[in-house]
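Only one structure is covered here, and it is reproduced in the block below.
The values are calculated or read from the model by the stated rules, or taken from the named source; none is laboratory data. Every value quoted in this text rests on a predicted model; they were computed, and no experiment measured them. We place every Cβ from the backbone using ideal geometry, glycine too, and count neighbours over all the protein chains shown. Ligands, DNA and RNA are stripped out before the accessible areas are found, and what is left, the full protein with its side chains, is counted by its heavy atoms. Shrake-Rupley method; radii C 1.70, N 1.55, O 1.52, S 1.80 Å.
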Amino acid sequence: PLPSGRDAYRTLDDYDTDMAALALHHRDLVKTFTLPHRSLDGRLIQGIEIGRDVNGPDTGLPVFLMMGLHHAREWPSGEMTMEFAYDLVLNYGRDQRITDLVNRSRIVIVPVVNPDGFDRSITDGALLDGRVVDDGGTVSILGTPGAAYMRKNCRVADGVDTPDGTCRLATATTPGAFGVGVDLNRNYGAYWGGPGASDQFVNPTYRGATPFSEPESQNIRELMSGRQVTTMITNHTFSDLILRPGGVSPDQVAPSQGVPIGEAADEEAMAALGAAMAAQNGYTSQRAYELYDTTGSTDDWSYNTTGGFAFTWEIGTEFHPPFPEVVDEYLGAGEYAGKGNREAYLIALENAVDPQTHSVLTG
Ligand code: 0X9
Ligand code: ZN
């Protein structure tokens, strides 16, 4: 079973309840925090921090950051993030490897970066048993079943009516003029304005009006800028991939769109860590732009700005498969039984804690 024992997807409330419960029952090991900005629909966004004497001062220990649910329909991305937190907390003091890792780091967990989008997606999806028509992620007409496959946040364009003040009941009042949502993974300030993102509201990869126009991406900027994140994993679904910087081909970005890019300075080390993780779950480790070009993505901003290693994971083979597949992804199945994402995450944490001596980098 999963560390938490769950056998079904969490709702938004479940995430908040679980984080509060972990903090309540493990007072010196886990604390909750609230991100600085509410979501567009006014929700508080929570995370947890795990570490020995976590309520004491930050003594500069390396920070390992894991995030889920930038994209609304990618439910396993939040589940993996939350299960890893349970794994660390419940095995602290029992498993020597995990105890050592937790003692030597701070682990910061934000399972739901985009609560407005996720709540729409999981609520509509649950009503329809998670099996609804893919609307391509544009969610151009809200209130239809297609919201289970919405991708973006709840920014509404001019010409969209929101009777209850949220995007939940938003409907187009001006045909052709509407659109809902900014793609949070195109809204970061790295090569923003370049290829692989759209300036059109109705597009699934709409980048937003400006870099960091959205409170949900501002939250991550501020969270990371205030910490020493040495390794970050941002979980998505799907395609069985472990992606590392760069997110856009070097020949695709003009110097006017930001720092000129060549090979990432840490390419060798990030490739080694990517490969070590992929050996645990059978995913393919590659540069993000080898999937396709993106600009304004979390991985490039994070790596460029903090220098900490950054990975975008594309988990599994569906946006939100039946839950037993989530269990298998986490724990490993078939030839990866006993390994899986769990073991790959632990290797990433080992690297975050000990980049100089960890065997991934020293061979
Ligand atoms: O397009 C995305 O945002 C990610 N795929 S998803 O299906 N989850 O939407 C991939 C982003 C990978 N990162 C970069 N290419 N920089
Ligand atoms: Zn995604």
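Details
- Förster radius 22 Å - calculated FRET efficiency between Asn91 and Thr123, Cβ distance, rounded to 0.05: 0.10
- Mean-position separation - Cα centroids, the stretch 18-58 and the stretch 200-231, in angstrom: 20 Å
- Label-to-label distance, nm, for residues given as Asp164 and Asp240 (7 Å Cα→Cβ offset): 4.0 nm
- Whole-number percent relative contact order across the chain, with pairs defined as alpha carbons under 8 Å at least 6 apart: 18 percent
- Secondary-structure-derived ellipticity at 222 nm for the chain, considering helices only, amounts to -9500 deg cm²/dmol, per-run term -39500 (n - 2.57) for DSSP H runs with n ≥ 4.
- Per atom type, the stretch 61-131 shows carbon and sulfur on 50% of its accessible surface, probed at 1.4 Å.
- Label separation (Asn103 vs Ser225): 3.6 nm, computed from points 7 Å beyond Cα along the C-beta direction.
- The packing ranking of peptides 188-196, 112-120, highest mean first, is 112-120, 188-196, where packing means the average number of other beta carbon atoms within 10 angstrom of each residue.
- Mean Cβ neighbour count within 10 Å, used as a protection proxy, ranking 74-87, 307-320 highest first: 74-87, 307-320
- Separation between Cα centres of the stretch 278-341 and the stretch 86-101, rounded to whole Å: 23 Å
- Considering only Ala157, Ala271, Ala148, the mean-square fluctuation computed in a Gaussian network model of the chain, springs between alpha carbons under 10 angstrom, is largest for Ala157.
- Evaluated with a Cβ-only charge set (Lys, Arg +1; Asp, Glu -1), the chain carries a dipole of roughly 620 debye about its Cα centre, given to the nearest 20.
- Relative counts (whole %) of C-alpha pair distances in the chain, using bins that are 10 Å wide: 6, 26, 36, 24, 8, 1, 0
- Per-peptide average of other Cβ atoms within 10 Å, ordering 229-237, 335-343, 287-295, 63-71 highest first: 63-71, 229-237, 287-295, 335-343
- Residues of the chain: accessible area per residue with a 1.4 Å probe, Å²: 38 Å²
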